[in-house]
1. I'd like the residue in region 27-84 that is under 17 Å from LEU213 (Cβ atoms) and not in a helix (DSSP H, G or I) and, out of all such residues, is modelled with the lowest pLDDT.
2. Out of all the residues in region 204-233, which are free of Cβ contacts under 8 Å to residues at least 60 places away in the same chain and under 16 Å from the mean Cα position of the chain (by Cα)?
3. Report, by residue number, each residue of region 168-206 that is outside any strand (DSSP E or B) and within 20 Å of ASP97 (Cβ to Cβ).
4. Can you tell me which residue is farthest from LEU26 (Cα to Cα) among those in region 169-199 that are over 11 Å from the mean Cα position of the chain (by Cα) and buried (at least 23 other Cβ atoms within 10 Å of the Cβ)?
5. Is it the case that some residue within region 99-118 is at pLDDT 85 or above and under 30 Å from PRO184 (Cα atoms)?
6. Please verify whether TYR153 is modelled with pLDDT of 95 or more, crowded, with 20+ Cβ neighbours inside 10 Å, out of contact with any Pro (no Cβ under 9 Å at 6 or more places or on another chain) and closer than 26 Å to ASP261 by Cβ, treating the condition exactly as stated.
7. Which of the residues spanning region 193-203 are in contact (Cβ under 8 Å) with a residue 24 or more places away in the chain and not β-branched (Val, Ile, Thr)?
Amino acid sequence: MNDAQAATRKRAARKTQFNLADRERLRAALRSYMQQNRIGVPALQLRIADATDRPPDLLPLKTLQRFLADCGRTNDAFLQPCFQFAQTLPAAGKTEDFARELAGFFGLQALHCPTDEGGTSKSAPVRLSGRYRVSAKRRERKVRVFESDETEYTLGYSTCAVEGDDPARFSFREEVFNPGMVDPVPANGTRHSFEGALLIFDPLVFVVAKNLLTRLPRAYWLREFEGGTLMGYGMEAAFLHELEIARPYSDPVDFSFERIDEEEAS
């Protein structure tokens, strides 16, 4: 390892515990790095080992493969050098910056929320910050954002993290584990990672994000219901394999975002 790498390694932040949001963010960063550099998991293993001054055998290849595929729960000790390596990577466009710029484009940066005596926000939109379990349900009738029936949302689709303390804008990260919306949900299959911004146009909740692999967009139009559940519909750009396909986007799909308790997420 050269002097520059050693200096970078010393400056890298240390982290010893990783909740689900941390894991999804780290997984997305490593996948993006692999895609941008056109390398596989074995090459990534060697680069992490070199950048963190560790022997490769202390970073088992199978464990790294399972973590990137989100199979099982990887222990925190293994993720520490992976996180240390990810901290040295150049920023690829922070979602927080994108959320701020997008909110500014719509003039949302001027919004303010009331606070209580302790300085805690009392605005409902700020309560959107947290983690959610996303379920999907296709319906043939026209989508209605203002009505809800939780019994219709039974198909597991993804998990997402909404982060921020501004009343109008948040960063948004989503890990889709059932992109084909099949039933039953596959235990092991294709997974898609998305990053973007969530904006509040009260009562509308709007999300725009990009697929970290294909760079194609998706969007959600939602509304908050009792208990902090978000419901509405979403659609995304289609990854076309055949040029004769006329419509380059998916059909609208109804979604429900159910909040995950902090104890469950940790």
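1. ASP70
2. Going through region 204-233, the residues free of Cβ contacts under 8 Å to residues at least 60 places away in the same chain turn out to be 204, 206-207, 209-211, 214-220, 226-227.
Correct list: PHE206, VAL207, ALA209, LYS210, ASN211, THR214, ARG215, LEU216, PRO217, ARG218, ALA219, TYR220.
3. Once the filter is applied, which keeps residues that are outside any strand (DSSP E or B) and within 20 Å of ASP97 (Cβ to Cβ), region 168-206 yields only ALA168.
4. Only one residue fits best here, namely ARG169.
5. No; the residues of region 99-118 include none that is at pLDDT 85 or above and under 30 Å from PRO184 (Cα atoms).
6. It is false that TYR153 is modelled with pLDDT of 95 or more, crowded, with 20+ Cβ neighbours inside 10 Å, out of contact with any Pro (no Cβ under 9 Å at 6 or more places or on another chain) and closer than 26 Å to ASP261 by Cβ.
7. Filtering region 193-203 for residues in contact (Cβ under 8 Å) with a residue 24 or more places away in the chain gives 193-202.
Matches in region 193-203: SER193, PHE194, GLU195, GLY196, ALA197, LEU198, LEU199, PHE201, ASP202.
The values are calculated or read from the model by the stated rules, or taken from the named source; none is laboratory data. Please read these numbers as outputs of a predicted model, since none were measured by experiment. Backbone-built Cβ (ideal geometry, glycine too); neighbour counts: all protein chains shown.
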